[in-house]
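To start, the structure under review is shown below, and the notes come after it.
The values are calculated or read from the model by the stated rules, or taken from the named source; none is laboratory data. Only a predicted model underlies this, so the values are computations on that prediction, with no experimental measurement involved. Glycine also receives a Cβ, built like all others from the backbone with ideal geometry; neighbour counts cover every protein chain displayed.
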Amino acid sequence: MTKTDVSFKSDNLKLAGHLYIPDTYKQGEKLPAIITVHPFGGVKEQTAGVYSKELANHGFITLAFDRRHQGSSEGEPRQLENPEGMTEDVKAAVTFLTLQEQVDPERIGVLGVCAGGGYAVLATSTDYRIKACATVSGVCLGGFIRSIGKEALNAIMVDAGKNRTEVANGGEVRYLPIVTALNEVTPETPELLREGGDYYLTPRGSYKTSINRSAVMGYDRLATFNAFAFADWISPRPLLLIAGDKADTLAFSEEAYKKAKEPKELYLIKDSTHIALYDYRIPDAIPKLAEFYKKNL
C-alpha cells in the first residue's frame, strides 16, 4: 500500500493522519474506507497504524489519525483526554474521507482499539454515515475511571478542579501516568497496566509522540462519560466486538454487546489479553475484521 501524510480539521483543530491506499487501487475507482481510532495514550504510528496497513492489504482505503491533544495533532493542553471532542474527531475523519476521490462515501466503516473502541461506538451511534463499526479490546474510559471506587474518584475530581485553578493563575498543567513504569511493577499491578508498560515503554511499541501521561484536568470529563449509552442506536448497522478471552477488560465488550441490538457479534480470541491484540495477536483479528468489512461495506 501507499501511505500519505494528511490533515483535516475537527472543531477548528488540525488533526494529523496517515491515509493508506492499497496497491490494487485503479484510477477512477471508489473503494470502501475504514477509520482506525487509537487507544488511550496511543498515536497513529502504533497499533492503529498496524491495523490500517493490514486492512489496506485487504483492499480497503484506511485512515489512522491522532486525536486532538495527542501525537502530531493540535490541541492544548497536551495529552488532555476530552471524550466529547474526541468522538467529534471520529466524525471529522468521516467527513474527510467523504471528500477523497478514491473513497465511496456510502461505504465508510470505523475500527476502534481500546479507548478508541469507545469513541468509535459512540460516534457510530449518531453518525449514520458510518455503515459498520468494529472494536478491538474496546473500552469505555468513563467506566474504567469510575471503576476505581468513589473515594479515589472523589480525590481525582478534587485534584482536577485544583489544577484548573492553578492553570488559570498561570501555573502548569499536571499529569498522571497512563501505564505503570517498568521499575514500579509489583505482583499487585493490574495486568492491563503491566502489559501496557511493556508495550508503550519499550521498543516493542514505543513512539516518540506517545507520551505516558494524561492531564489531570481531563479526568473530571471522563467521570461522566458513557461510550456505550446509545449503542442500541447503531442497529440495523452491524457491530463487531473483538476481545481476548483472557483480557481483564473483556467486561467492556460484553457491556457493549448487551446494550447493542442486532446485528451484533462478540468475537473472542482464545488465550489473548487486552494488550496482545495491539501487536502479537493482530494476525488473529485481521481475518475476522476483513470478512466483516467486506460483507458490510
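Name every residue in the range 225-283 that is within 26 Å of GLU45 (Cβ to Cβ), of a type in the set (A, V, I, L, M, F, W, C) and more than 18 Å from the chain's Cα centre (by Cα), in order of residue number.
Of everything in the range 225-283, just one residue is within 26 Å of GLU45 (Cβ to Cβ), of a type in the set (A, V, I, L, M, F, W, C) and more than 18 Å from the chain's Cα centre (by Cα), namely ILE269.
Of the residues that make up the range 182-193, is at least one in contact with an Asp or Glu (Cβ under 7 Å, 6 or more places away or on another chain), assigned to a helix (DSSP H, G or I) and either closer than 29 Å to LEU241 by Cα or at pLDDT 95 or above (or both)?
Scanning the range 182-193 turns up at least one residue that is in contact with an Asp or Glu (Cβ under 7 Å, 6 or more places away or on another chain), assigned to a helix (DSSP H, G or I) and either closer than 29 Å to LEU241 by Cα or at pLDDT 95 or above (or both).
Within the set of pairs 6 or more residues apart or between chains, which connect a residue that is in contact (Cβ under 8 Å) with a residue 24 or more places away in the chain inside the range 282-297 to a residue that is of a type in the set (Gly, Ala, Ser) and part of a helix (DSSP H, G or I) with Cβ atoms less than 6 Å apart?
Close Cβ pairs (under 6 Å, with a partner that is of a type in the set (Gly, Ala, Ser) and part of a helix (DSSP H, G or I)) do not exist here.
Can you tell me which residue in the range 25-46 is surrounded by the fewest Cβ atoms within 10 Å (Cβ to Cβ), limited to those that are over 24 Å from ASN296 (Cβ atoms) and of a type in the set (A, V, I, L, M, F, W, C)?
Applying the filter and picking the extreme gives PHE40.
Hey, any hits in the range 3-18 for a residue that's in contact with a strand residue (DSSP E or B) (Cβ under 8 Å, 6 or more places away or on another chain), surrounded by fewer than 17 Cβ atoms within 10 Å (Cβ to Cβ), basic (Lys, Arg) and within 19 Å of GLY205 (Cβ to Cβ)?
yes
Which ranges mark the helices (runs of 4 or more DSSP H) fully within the range 72-159 that have 2 or more residues being modelled with pLDDT of 95 or more and buried (at least 24 other Cβ atoms within 10 Å of the Cβ)? Spell out how you get there, then give the answer.
Details: elements: 83-98, 115-126, 141-146.
Those helices (runs of 4 or more DSSP H) span 83-98, 115-126.
Tell me, yes or no, whether the range 257-270 has at least one residue that is assigned to a loop (DSSP other than H, G, I, E, B) and without any contact (Cβ under 8 Å) to a residue 24 or more places away in the chain.
Taking every residue of the range 257-270 in turn, none turns out to be assigned to a loop (DSSP other than H, G, I, E, B) and without any contact (Cβ under 8 Å) to a residue 24 or more places away in the chain.
Going by the structure shown, is LEU63 part of a strand (DSSP E or B), under 14 Å from the mean Cα position of the chain (by Cα) and either among the hydrophobic types (A, V, I, L, M, F, W, C) or crowded, with 20+ Cβ neighbours inside 10 Å (or both)? Break it down into steps so the answer makes sense when it comes.
Numbers: part of a strand (DSSP E or B): yes; under 14 Å from the mean Cα position of the chain (by Cα): yes; either among the hydrophobic types (A, V, I, L, M, F, W, C) or crowded, with 20+ Cβ neighbours inside 10 Å (or both): yes.
Considered against the rule, which asks whether it is part of a strand (DSSP E or B), under 14 Å from the mean Cα position of the chain (by Cα) and either among the hydrophobic types (A, V, I, L, M, F, W, C) or crowded, with 20+ Cβ neighbours inside 10 Å (or both), LEU63 comes out as yes.
Got a number for residues in the range 1-55 being among the β-branched types (Val, Ile, Thr) and either more than 20 Å from PHE292 (Cβ to Cβ) or outside any strand (DSSP E or B) (or both)? Break it down stepwise before answering.
Looking only at the range 1-55, we keep the residues that are among the β-branched types (Val, Ile, Thr), and these are 2, 4, 6, 21, 24, 34-37, 43, 47, 50.
With either more than 20 Å from PHE292 (Cβ to Cβ) or outside any strand (DSSP E or B) (or both) added as a condition, the list becomes 2, 4, 6, 21, 24, 43, 47, 50.
Residues meeting the conditions: 8.
Are there any pairs, at least 6 apart or on different chains, whose C-beta atoms fall under 8 Å, with the first in the range 133-146 and at negative phi and the second surrounded by fewer than 21 Cβ atoms within 10 Å (Cβ to Cβ) and of a type in the set (Asp, Glu), and if so, which?
Sorted first by the residue in the range 133-146, then by its partner, the pairs are CYS140/GLU255; GLY143/GLU255.
Restricting to the range 177-223, and then to whatever is loosely packed, with under 13 Cβ neighbours inside 10 Å and among the aliphatic types (A, V, I, L, M), can you tell me which residue is farthest from SER147 (Cα to Cα)?
If we take residues in the range 177-223 being loosely packed, with under 13 Cβ neighbours inside 10 Å and among the aliphatic types (A, V, I, L, M), then LEU182 is farthest from SER147 (Cα to Cα).
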